[in-house]
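The values are calculated or read from the model by the stated rules, or taken from the named source; none is laboratory data. Since this is a predicted model, take the numbers as computed values, not measurements. Positions of Cβ are generated from backbone atoms using ideal geometry, with glycine treated the same way; all protein chains shown enter the neighbour counts. Surface areas here come from the heavy atoms of the whole protein model, side chains and all, with no ligands, DNA or RNA. Shrake-Rupley method; radii C 1.70, N 1.55, O 1.52, S 1.80 Å.
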Amino acid sequence: MLRAGIVGLPNVGKSTLFNAVVANAKANAANFPFCTIEPNVGVVAVPDERLNVLAEISESDQTVPARVEFVDIAGLVKGASQGEGLGNQFLANIREVDAIVHVVRCFENDDIIHVSGSIDPARDIEVINLELALSDLAQLERRMDRVRKQAKSSKDAQAELAILEKLLPVLNEGRSARQVDFDEEEEEIIKPLGLLTRKPIIYAANVSEDDLASGNDWVEQVRAIAIQDSAQVVIVSAQVEAELVELPEEERADFLESLGVQEGGLKTLIRATYELLGLRTYFTTGPKETRAWTIHMGMVAPQAAGVIHSDFERGFIRAETIAYDDLVSFGSMNAAKEKGLLRSEGKDYVVQEGDVMLFRFNV
């Protein structure tokens, strides 16, 4: 299961947001820095209305959604790359995730201390990004020292050194490795470095409930920075999401409507994180269960079958496949089959988002 790390300065709403994302998690959201020391981990379902539609068609006993793991990482501070505020430990936690959700404070509240004394999203983002870049730079320089020696007699080392030298000036300027274009082969060479600033990122602009529908000037600052960093922005209100968790299901829609929105920012954030990781969903459905399966974009049918069980991939024969929209349009698998919309796909078929599949295999 792939992991997304929630990061940011202390007291920006990370742990409050995490508690709302993982409703039964018990992360300690207190009003002082470093109240989160060990990373809290929670597995969340990816919201997908298609599951219930398919379950109704198949009269399934249960539904099983796709899932993403979120890690609540303690607040970073200026100097983290040199160990300030337990920074080395926190940076190591970030290195272990696949994507970053950077929570940025875009709300005013005199009762919640800001470590820098004022609200300034651009400054806060710069602090975090600079610490990540400095950490990457230190790791890059260590790697270059070793590779330079190997490059005297190794063509592979020479190729790697050229890539590292391409990265060096970018990190020296405090910019992210995401801003450097690499081809597929180069990407594989630098992947083992686990560069923090190479990880895909979403900025979660944390606003007050009054700004949830339309955002504010601080959110616009975040958006301007995100464009430069090829990142996404999602508006959330951690406090609203914390209140939603406490409400009965039937009251949540009315509460959100009173704020001028149809759904909370968390559902958008979870879906955006799923997509950011390059993930796609296909479905299996029947009387027992309807389940969403997670695959990487570009996977072929046998690989998708292997997500269910390695035997499915090893003994793959074919995949009986229908697009979600086609199945829903005709209301049943039999009706869609009569119209010739149920296809028999082979080993080279690239699975598409929303495919409903039944695998035939023999082991």
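At 1.4 Å probe radius, can you tell me the per residue accessible area of the chain in Å²? If you can, show how the numbers build up before the last one.
Numbers: 17970 Å² over 363 residues.
Accessible area per residue, the chain: 50 Å².
Along its principal axes, what span do the Cα atoms of the range 201-280 show, with the longest given first and each in whole Å?
Largest first, the range 201-280 extends 39, 33, 17 Å along its Cα principal axes.
Mean residue ellipticity at 222 nm from the helices of the chain, using -39,500 (n - 2.57) per DSSP H segment of n ≥ 4 over the full residue count, to the nearest 500 deg cm²/dmol?
Working: 14 runs with 151 residues, N = 363.
After summing the helix terms and dividing by the residues of the chain, the value is -12500 deg cm²/dmol.
Using the Kirkwood radius built from alpha carbon pairs, what does the Stokes-Einstein equation give as D for the range 104-241 at 25 °C and 0.890 mPa s, in µm² per second? Can you show the working numbers first?
Numbers: Rh = 16.9 Å.
Calculated translational D: 145 µm²/s.
Each residue of the range 91-101 in order: what ³J(HN,Hα) in whole Hz does its phi give by Karplus 6.51 cos²θ - 1.76 cosθ + 1.60, θ = phi - 60°, with x for Gly and Pro?
Result, ordered by residue: 5, 5, 5, 5, 4, 8, 9, 8, 8, 10, 9 Hz.
Taking the Cα atoms of the range 215-340, report the difference between the largest and smallest coordinate on each principal axis, in whole Å and largest first.
55, 39, 28
What's the carbon and sulfur percent of the chain's accessible surface, probe 1.4 angstrom, rounded to a whole number? Before the final figure, lay out each step's value.
Working: 8430 of 17970 Å².
For the chain, the apolar C and S fraction of the accessible surface comes to 47 percent.
Which values, in whole Å and largest first, are the semi-axes of the equivalent ellipsoid of the chain obtained as the square root of 5 times each eigenvalue of the Cα gyration tensor?
Taking √(5λ) for each eigenvalue gives 38, 31, 16 Å, largest first.
Only Cα pairs under 8 Å and at least 6 apart count here; give the relative contact order of the chain as a rounded whole percent. Kindly include the intermediate steps, with their values, before the conclusion.
Working: 671 pairs, mean separation 66.3, N = 363.
With pairs under 8 Å counted, the relative contact order is 18 percent.
Using DSSP to define loop residues, name the GluC sites (Glu not before Pro) in the range 256-363 whose beta-carbon has at most 15 other beta-carbon atoms within 10 Å.
On the way: sites: 257, 263, 275, 289, 313, 320, 338, 345, 353; in loops: 263, 353.
In loop regions of the range 256-363 (DSSP not H, G, I, E or B), the sparsely surrounded GluC sites (Glu not before Pro) are 263, 353.
Which cross-chain or sequence-distant (5 or more) residues have an amide H under 5 Å from the amide H of residue 109, H modelled 1.01 Å from N in plane?
Long-range HN contacts for residue 109: none found.
In sequence order, what are the phi-derived ³J(HN,Hα) couplings for the range 168-177 according to the Karplus relation 6.51 cos²θ - 1.76 cosθ + 1.60 with θ = phi - 60°, rounded to whole Hz, with x for glycine and proline?
Result, ordered by residue: 3, x, 5, 5, 4, 8, x, 8, 8, 5 Hz.
Calculate the dipole size of the chain relative to its Cα centre from +1 charges on Lys and Arg beta carbons and -1 charges on Asp and Glu beta carbons; express the result in debye to the nearest 20. Don't jump to the answer; show the numbers that get you there.
Details: 36 positive and 59 negative charges, 354 e Å.
For this selection, approximately 1700 debye.
Among 239, 286, 262, which residue has its Cα furthest toward the positive end of the charge dipole of the chain, with +1 on Lys/Arg Cβ and -1 on Asp/Glu Cβ?
Of the candidates, 286 comes out farthest on the positive side.
Say each of residue 52 and residue 168 gets a label point 7 Å from the Cα, pointing the same way as Cα to Cβ; how far apart are those two points in nm?
5.7 nm
Say we join alpha carbon atoms closer than 10 Å with springs in a Gaussian network model of the chain; which of 18, 330, 283 then has the biggest fluctuation?
In this elastic network of the chain, the residue with the biggest mean-square fluctuation among 18, 330, 283 is 330.
Report, in debye and to the nearest 20, how large the dipole of the range 93-204 comes out about its Cα centre when Lys and Arg carry +1 and Asp and Glu carry -1 on their Cβ.
Numbers: 16 positive and 23 negative charges, 125 e Å.
Using Cβ point charges on Lys, Arg, Asp and Glu, the range 93-204 gives about 600 debye.
How big is the convex hull of the Cα atoms of the range 300-363, per residue, in Å³?
Details: hull volume 4.8 nm³, N = 64.
Spelled out: Cα convex hull of the range 300-363, divided by residues, is 75 Å³.
Are there any GluC sites (Glu not before Pro) in the range 109-182 that are in a DSSP loop and have at most 12 other Cβ atoms within 10 Å? List them by number.
Numbers: sites: 126, 131, 141, 160, 165, 173; in loops: 173.
Passing sites in the range 109-182 are 173.
When the Cα atoms of the range 185-246 are enclosed in a convex hull and the volume is divided per residue, what value in Å³ results?
Values: hull volume 7.0 nm³, N = 62.
Considering the Cα atoms of the range 185-246, their hull volume per residue is 113 Å³.
Amide H of residue 67: which non-local residues (sequence gap of 5 or more, or other chain) have their own amide H closer than 5 Å, using H built in the peptide plane?
Here 46 satisfy the definition.
Over the Cα atoms of the range 284-324, compute the convex hull volume and normalise it per residue, giving Å³. Please report the intermediate quantities before stating the final value.
Working: hull volume 3.8 nm³, N = 41.
Spelled out: Cα convex hull of the range 284-324, divided by residues, is 93 Å³.
Just tell me which lysines come within less than 28 Å, Cα to Cα, of residue 267; anything on the same chain fewer than 8 places away is out.
14, 26, 199, 288
What figure in square angstrom, to the nearest 10, would you give for the accessible area of residue 156 with a 1.4 Å probe?
120 Å²
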